[in-house]
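The values are calculated or read from the model by the stated rules, or taken from the named source; none is laboratory data. Owing to the predicted nature of the structure, the values given are computational and were not obtained by experimental measurement. Reconstructed Cβ throughout: ideal geometry from the backbone, glycine too, with neighbour counts over all protein chains shown. Side chains included, ligands, DNA and RNA excluded: accessible areas come from the protein's heavy atoms. Shrake-Rupley method; radii C 1.70, N 1.55, O 1.52, S 1.80 Å.
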Amino acid sequence: MPQEPRTLSLRWATRDQAPDGLPGIPTLQVWPEYNTHGETVGALWDRLFDLPDYQSVCWDEETGAVLAEAFVVPCWWDGTEAGLGPGIDATMRDALERIDRGDELNSLCALSAEVAPESRGRGMAADALQQMKRVAHRHGLGALIAPVRPSWKDRYPITPIEHYVTWRRADGTLFDPWMRVHERLGASMGPPLPRSLHITATVAEWESWVDLQFPATGTYTFPRGLAPLDADRQADRAEYWEPNVWFVHDVG
Ligand SMILES: CC(C)(COP(=O)(O)OP(=O)(O)OC[C@H]1O[C@@H](n2cnc3c(N)ncnc32)[C@H](O)[C@@H]1OP(=O)(O)O)[C@@H](O)C(=O)NCCC(=O)NCCS
């Protein structure tokens with residue numbers, strides 16, 4: 001689709017090098033409510049703010065407005081497909097444990113690329129990934145690994161992620177816009193991750209987050225969900241596993 005020109009006054013920097021006057025970290029609110037309650041990612045997210053030399057922000061120098069953010073965590077990856085692991089929960093937990101122990105780290109894991117809604121469709125998603133690669137390079141990390149949350153998967157919640165990631169357009173490029181950005185930048189697709197990010201809570205909590213009732217025990221699709229959730233009224237638990245797919249970028 002045609003892209004509006006980006007202004008020349010856009011700047012990217014890690015938070016430790018960004019001007020003092022910018023809004024604090026995190027600035028943008030791009031996630032559906034339910035997505036902020038991940039039992040691992042949600043619980044550990046604030047730890048990222050202790051790593052300002054890794055977290056990036058993009059702002060407009062003329063207005064001071066923050067247009068995008070890029071969150072990452074340095075991690076250990078053995079370089080194999082199997083070693084990529086089951087998803088974002090496992091990688092984030094392992095990375096932070098390694099940081100706490102002072103263990104060696106050799107890769108960077110992308111956690112979230114966020115473009116302000118009014119700035120989307122202008123190519124800033126690729127800029128966010130390029131910025132993550134610069135951060136990896138600066139820290140001497142050899143790869144950028146990304147458990148990608150496909151941006152159109154919520155349109156196909158009952159399609160297994162293993163099928164969805166194989167879909168391509170007539171021109172051969174990937175069907176999903178966010179996955180396409182990764183591939184266009186030269187990343188290779190790794191395994192799909194049916195159980196990447198776990199969110200479990202009471203039925204009432206889930207109902208309030210997604211503004212939908214789950215009157216009986218069963219499996220439900222819900223607005224902006226990438227996969228169905230299982231609600232168990234007797235146990236008063238509702239459980240959701242967000243699917244992702246690995247992409248691996250060479251940092252060079
Ligand atoms: C995913 C996200 C980062 C993409 O940012 P963006 O600025 O819209 O992306 P771009 O402008 O670089 O476009 C990327 C691709 O999506 C396509 N696209 C963007 N908006 C679109 C729209 N409204 N309709 C159709 N395609 C669209 C673009 O055409 C482009 O594909 P193409 O270059 O092959 O044509 C942004 O939507 C976002 O912040 N979403 C919420 C957070 C999120 O899901 N992050 C990713 C997971 S961590």
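Label-to-label distance for THR63 and HIS163 is 4.2 nm, based on points extended 7 Å past Cα in the beta-carbon direction.
Just to confirm, what accessible area per residue do you get for the stretch 186-244 at 1.4 Å probe, in whole Å²? Don't skip to the answer; put the middle values down first.
Numbers: 2810 Å² over 59 residues.
Ligands and nucleic acids excluded, the result is 48 Å² per residue.
For a modelled paramagnetic label at SER188, 7 Å from Cα along Cα-to-Cβ, the residues of the stretch 71-92 in reach, with backbone nitrogen under 17 Å, are 77-85. Just check the stretch 202-252 against the gyration tensor rule for me: Cα atoms, a ≥ b ≥ c as the square roots of the eigenvalues, rounded for a/c under 1.5, and otherwise prolate or oblate depending on whether a/b exceeds b/c. Because a/c hits 1.5 or more and a/b exceeds b/c, the stretch 202-252 counts as prolate.
What is the stretch 111-198's relative contact order, in percent, from Cα pairs under 8 angstrom and six or more apart in sequence? Write out the running numbers ahead of the final one.
Numbers: 58 pairs, mean separation 23.5, N = 88.
Relative contact order comes out at 27 percent.
Please say if the chain is rounded, prolate or oblate, where rounded means a/c under 1.5 for a ≥ b ≥ c the square roots of the C-alpha gyration tensor eigenvalues, and otherwise the choice is prolate for a/b larger than b/c and oblate otherwise? Note, shape of the chain comes out rounded.
Straightening the chain between ARG47 and THR221 buys 59.5 nm, computed as 0.36 nm per residue apart minus the Cα-Cα spacing.
So what is the accessible area of the stretch 68-168 per residue, in Å², with the probe set to 1.4 Å? Don't skip to the end; give the middle numbers.
Details: 4230 Å² over 101 residues.
Result: 42 Å² per residue.
Extending 7 Å from the Cα toward the beta-carbon at both ARG195 and GLN29 defines two label points whose distance is 3.3 nm. Surface composition of the chain: carbon plus sulfur atoms contribute 50% of the solvent-accessible area (1.4 Å probe, protein chains only, all chains present). Shape class for the stretch 19-77: oblate, because the ratio a/c of the largest to smallest gyration tensor axis (alpha-carbon atoms, square roots of eigenvalues) is 1.5 or more and b/c is at least a/b. Each peptide among 204-213, 219-228 gets the average number of other Cβ atoms lying within 10 Å of its residues, and from highest to lowest they stand as 219-228, 204-213. Packing around the peptides 84-92, 166-174, taken as the average count of other Cβ atoms within 10 Å per residue, puts them in this order, highest first: 84-92, 166-174.
Mean-square fluctuations from a GNM of the chain, with a 10 angstrom spring cutoff on Cα atoms, peak among ILE199, ILE25, ILE145 at ILE25.
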